[in-house]
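The values are calculated or read from the model by the stated rules, or taken from the named source; none is laboratory data. For clarity, every value in this text was computed on a predicted model and none was experimentally measured. So basically every Cβ, Gly included, is an ideal-geometry build from the backbone, and we count neighbours across all protein chains shown. We work out accessible area using only protein heavy atoms, side chains counted, and drop any ligands, DNA or RNA first. Shrake-Rupley method; radii C 1.70, N 1.55, O 1.52, S 1.80 Å.
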Amino acid sequence: MSGSAAVLAEVVRSGFVEGRHRGALVVLGADGSVVRVVGDPELPVFPRSSNKPMQAAGVLRAGLPLSGERLALAAASHAGEDFHRELAARMLAEHGLTEAALRCPPEGGSRLAMNCSGKHAAMLAACAVNGWPTESYTDPGHPLQVLIRETAEAATGEPVAHTGVDGCGAPLFAFSLTGLARAFRAFVLAAPDTPERRVADAMRAHPEYVGGTARADSLLMRAVPGVLSKAGAEGVQAVALPDGRALAFKVEDGAARARGPVLASVLRSLDVPVPGPAAGALVSAVEGGGRVVGEVRAVV
């Protein structure tokens, strides 16, 4: 992305711009057409956890009967709060599995506390209902991962550009930002009871299971009716509005501090008000001497 990255945000300290975050962004209109581009959103990126709704839809296509909080947790990057860990453990136990079956790395000594444990628990449960091997469920050639790849390609309208290993150990598929925005748009506009719409509806109905009580995605979905939002590591964000408008961007250097201000700015440009705590979660303050002396400011 380096040759085509544009400035998305500036780091302002005491009225002085001391740094810049570059990247790419795309906005789709309600009809699915590209209405705004910054940088080159056609270059493939790893969406990281922004891929999770597609992974959850793949689990549904595998025949796992998930709904409600369980389905939201399957698409989650959760904060490891008690209710996250407890539900992930129940999802495993319902299929005769334990925490030991998880292939995600431990967080604070517990694999259940790792932010992707809900996704991994759902993947293992899908293997259990199909009689597929559980030991190799993170192998890209595993039947479940092949189905997830096909689901993601259908949603984005693109072939996978590259396959890697995510931080949690699961396969990671690269797409363009335009494809990522297209996928989120497809999820909110999908027909009722389809896997895609079921995932979108579960995430929006139970946003605290997608992130946590203080996570930006959760607060945004709670505050803005009908919005579907999912961040990914390394500065990725994808959002779809209920009318079909959608956006996706990546901060090239992976700085999470730029993600909130850029998202807030783009939502303002789309006349989407973000009230209360959700608005506060999208602010990135710059501190000096124990007090706020500046901000990370979007320039898009």
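Observations
- Filter result (in contact (Cβ under 8 Å) with a residue 24 or more places away in the chain and surrounded by fewer than 20 Cβ atoms within 10 Å (Cβ to Cβ)) within the range 120-133: 128, 129, 130
- Failed criterion for residue 96 (all others in (1) at negative phi; (2) open to solvent by 10 Å² or more (accessible area, probe 1.4 Å); (3) part of a loop (DSSP other than H, G, I, E, B) hold): (1)
- Conditions (1) assigned to a strand (DSSP E or B); (2) β-branched (Val, Ile, Thr); (3) over 20 Å from the mean Cα position of the chain (by Cα): number failed by residue 300: (1)
- Pair list, Cβ under 7 Å, 6 or more apart: the range 31-47 residue touching a residue at least 60 places away in the same chain (Cβ under 8 Å) and farther than 22 Å from residue 189 by Cβ, other residue open to solvent by 70 Å² or more (accessible area, probe 1.4 Å) and not charged (D, E, K, R): 44/162
- Of 83, 46, 16, all but one fail to be open to solvent by 50 Å² or more (accessible area, probe 1.4 Å), in contact with a strand residue (DSSP E or B) (Cβ under 7 Å, 6 or more places away or on another chain) and aromatic (Phe, Trp, Tyr); the exception is 46.
- Filter pass, residue 243 being among the acidic types (Asp, Glu), in a loop (DSSP other than H, G, I, E, B), open to solvent by 20 Å² or more (accessible area, probe 1.4 Å) and on the phi < 0 side of the Ramachandran plot: yes
- Condition met for residue 101 (in contact with a Leu (Cβ under 6 Å, 6 or more places away or on another chain), of a type in the set (A, V, I, L, M, F, W, C) and surrounded by fewer than 24 Cβ atoms within 10 Å (Cβ to Cβ)): yes
- Leading residue by the ranking (farthest from residue 181 (Cα to Cα)) among those in the range 249-297 that are under 19 Å from the mean Cα position of the chain (by Cα) and part of a strand (DSSP E or B): 251
- Top-ranked residue of the range 148-178 - restricted to ones that are part of a helix (DSSP H, G or I) and open to solvent by 40 Å² or more (accessible area, probe 1.4 Å), ranked as nearest to residue 116 (Cα to Cα): 149
- Pairs with Cβ under 7 Å, 6+ apart, first in the range 218-236 and at pLDDT 95 or above, second in a helix (DSSP H, G or I) and aromatic (Phe, Trp, Tyr): 228/184; 228/187
- Here 253, 271 are screened, and the one residue that is touching a His at 6+ places or on another chain (Cβ under 7 Å) and either over 23 Å from residue 30 (Cα atoms) or of a type outside the set (S, T, N, Q) (or both) is 253.
- Residues of the range 10-29 classified as within 19 Å of residue 187 (Cα to Cα) and in contact with a helix residue (DSSP H, G or I) (Cβ under 9 Å, 6 or more places away or on another chain), total: 3
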